[in-house]
1. In terms of the ratio Rg/(2.2 N^0.38 Å) built on C-alpha atoms, what value belongs to the stretch B:128-239?
2. What are the ³J(HN,Hα) values, in whole Hz, obtained from phi via the Karplus relation 6.51 cos²θ - 1.76 cosθ + 1.60 with θ = phi - 60°, for each residue of the stretch A:266-282 in sequence order, with x given for Gly and Pro?
3. To the nearest 20 Debye, how big is the dipole of the protein assembly as shown about its Cα centre, given +1 on the beta carbon of each Lys and Arg and -1 on that of each Asp and Glu?
4. So how compact is the protein assembly as shown: Cα radius of gyration and Dmax in angstrom?
5. In the neighborhood of B:I89, defined by Cβ-to-Cβ distances under 13 Å, what is the net charge if each Lys or Arg adds +1 and each Asp or Glu adds -1?
6. Could you tell me the distance between the Cα centroids of the stretch A:68-139 and the stretch A:182-210, to the nearest Å?
7. Among residues other than B:R59 whose Cβ falls under 12 Å from its Cβ, what is the net charge (Lys/Arg +1, Asp/Glu -1)?
8. Based on DSSP H runs of at least 4 residues, each adding -39500 (n - 2.57), what is the mean residue ellipticity at 222 nm of chain A after dividing by all its residues, to the nearest 500 deg cm²/dmol?
Amino acid sequence: MSRTTELSSAGNRVNPGGVASSERKVDVSTSSKQEPVWAIEFKKICKSFGAFRVLVDLDLKVQPGEKVTLIGPSGSGKTTVLRLAMTLAKPTSGDIRIFGESILFDQAGTLLSSAEEARIRRRCGMVFQQFNLFPHLTVLQNLILAPTTVLKQSKAEAKESALRYLRMVGLEGKVDAYPAQLSGGQQQRIAIARALVMKPEILLLDEITSALDPEIAGEVLDVVRRIARESGVSMLIVTHEMRFAREVSDRIAVFDGGRIIEQGTPEKIFISPESERTRSFLQSVLNH
Amino acid sequence: MMAILEYWPVLLKGLWITVTVSLCTIIGGAIGAVIIGGLRLSSSTAVRVATMVFVELWRSPSALVWLFWVYYALPMVTGTRINPLTAAILVLLLEASVYGSEVVRSGLEAVNRGQSDACYALGLNKSQSFIKVVLPQALSQIVPGFGSMARTMFKWTAIVSFIGVQDLLYVSQFVRAQTFETTKVFLLLAVVYWILCLGVAFAFRALEQVLPLNRALRAAQASSSASQLGDNVSAIGAA
C-alpha cells in the first residue's frame, strides 16, 4: 500500500514543470501481500447495449506509468473501454479496479456509493474527441472550475496551477479567451490542460485528434508526446494515428469485435503482428 | 378624459396590483419552471412520472377554472378561506411554472450531452454540473422562450378580477361605470397593457444580453469580425 501511495503522490502525476519520471515503463507496484497493483485493471468485462455485445470478457491491465494504446476498427469497443474506466458507462458484468480499488463494488460486493465511486474516479482524467470545453466560460474559468469546486482549492491557488498547465500546452496567452475564439487544436490543448489540473494518475484520451485536420492534430499530439515523455502518468489512449501510437505507447492492444485480438510492444504489433486480422487492419489504416 | 383622470389614484392602485401579480408570477414562475423542468429530467423514473402527471393535470383545465377552484371550492374542502390576491398569485405562479417547465426542459435537453460527461469526468456532482455548467448554457435557449411566455402571463393576470382582486381591469370597469366613458377607459387600458408588455419584452431582451453563453458567443463574433477587418485592411494595403 505504501508503494502505491508513494507513486500516487509523486511520480505518477503530471508535473508541468517538466521534472518527472522519464522512465517509459514503471514496475508494477505491489501491495503488502506482494500482489501486483495495477493502475487500471479490467477483469472479465462484458458490455452489451440490448442484444449488441460491445465488449466480451475483456481482460486488460495497465501498469502505473504505462502508456497503452487501443487500436482497431470503428465499433470494436475501444471508446467503451475508456467510458467504463471513467464510469460514464457501467459494464454488464465483470469488475474494474483503479489502483486495486474496485470502482463498482465495495469489499462486501455491494454497489459503491456515488461518493465513494467519485473518490476513486478522481484518480482518472479524460480528454474527449469533441473537446467538451464549457463554451460559456473563459479558458481560465474552464481550468479552475473543477479545482475550486471539487478539490476546494482557493481561486488564487487554482489560477496559479491553471497558468502552469496553460504554459505547458503553450496557450498561456489565451486565459481570457472563450472556447469559440480558439481553433480546434487550441481547444483540445485546453481540454488536456483542464484534465491535467485535476492531477490525474491515469489519463484517458479518446480519439483526441479525430475532430481535427492533420496539420492541427500535430500540435495536440506534440503536447501528449511531451506529457508521456515527461510524466509518470498512466495513459490509456484510443487513436487512429498509427505513427503517434507507435511513438508514444509502451504497449498496443488491437481490438476487434469487442475482444483484444493481440497486444504487445509497438515494434511487435507494427513489424511482426501475429494475427491476420491485425495485419489486414494495419494495412487498411496505413494505406489509407 | 378629464373625468377619467379624476380617478387616477384608483387606477394607479389597480396598476400596482397588476404589476405586483405579474412580477410574482414571472419571478416565481421562473424559479418553479427550473425546479419542475429539472425534475422532469430526473434520473429517477418515479420522480419523472410524478412530475409529468402533475404538469399534464395542471395544464389541461384553463387557468380560470383553477382560480375558481382554489378561491371558491378549496375553502369548502379545507375549511380555510384564502385571500383573493394570494389565490390569484398562487394559481398564476403555478400556471407559469408548469408551462415554463416545458421551455426549461427543452432548453436543458438542447445542451450537448458531452458537457455533462466532461463535468462528470472532472469530478463535479450532479447539482454542481447543473448549476455551474448545464443551466448557464441552457438559459440561452430558455430565456427567449420564457420571455415570450412572460408576456402572455402578464396578460393573463387580468383574470384575477374574476375573484374580486382589484387589478387594472377591475378598477377600469369601476371607472367606466362611474364615468360612462367606455371607449376612452378601454383605450387607456389597452395603452397601459401595451406599454407594460413592451417593458416585459425589453427586460427579457436585456437579460438575454447578459447571459454567459450569449456573452461568450458575442465575444467570439467580435474577434472574428476584427480579424476579418484586419485581413481586409492587409489585403488593401498589399494591393
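No value in this document is a laboratory result; all are computed from the given coordinates. Note that the structure is predicted; figures quoted are calculated from it, not measured. Here the Cβ is made from the backbone with ideal geometry for all residues, glycine too, and neighbour counts use every protein chain on show.
1. Details: Rg = 23.6 Å, N = 112, 2.2 N^0.38 = 13.2 Å.
It is 1.79.
2. Listing the rounded values in order: x, 4, 5, 5, 7, 9, 9, x, 7, 7, 5, 5, 4, 4, 5, 5, 5 Hz.
3. Roughly 580 debye for the protein assembly as shown.
4. Considering the protein assembly as shown through its Cα atoms, Rg and Dmax are 30.4, 101 Å.
5. Local charge sum for B:I89: -2.
6. 16 Å
7. Values: positive: none; negative: B:E56, B:E95, B:E102.
With Lys, Arg at +1 and Asp, Glu at -1, the neighbours total -3.
8. Value at 222 nm, helices only, nearest 500: -10500 deg cm²/dmol.
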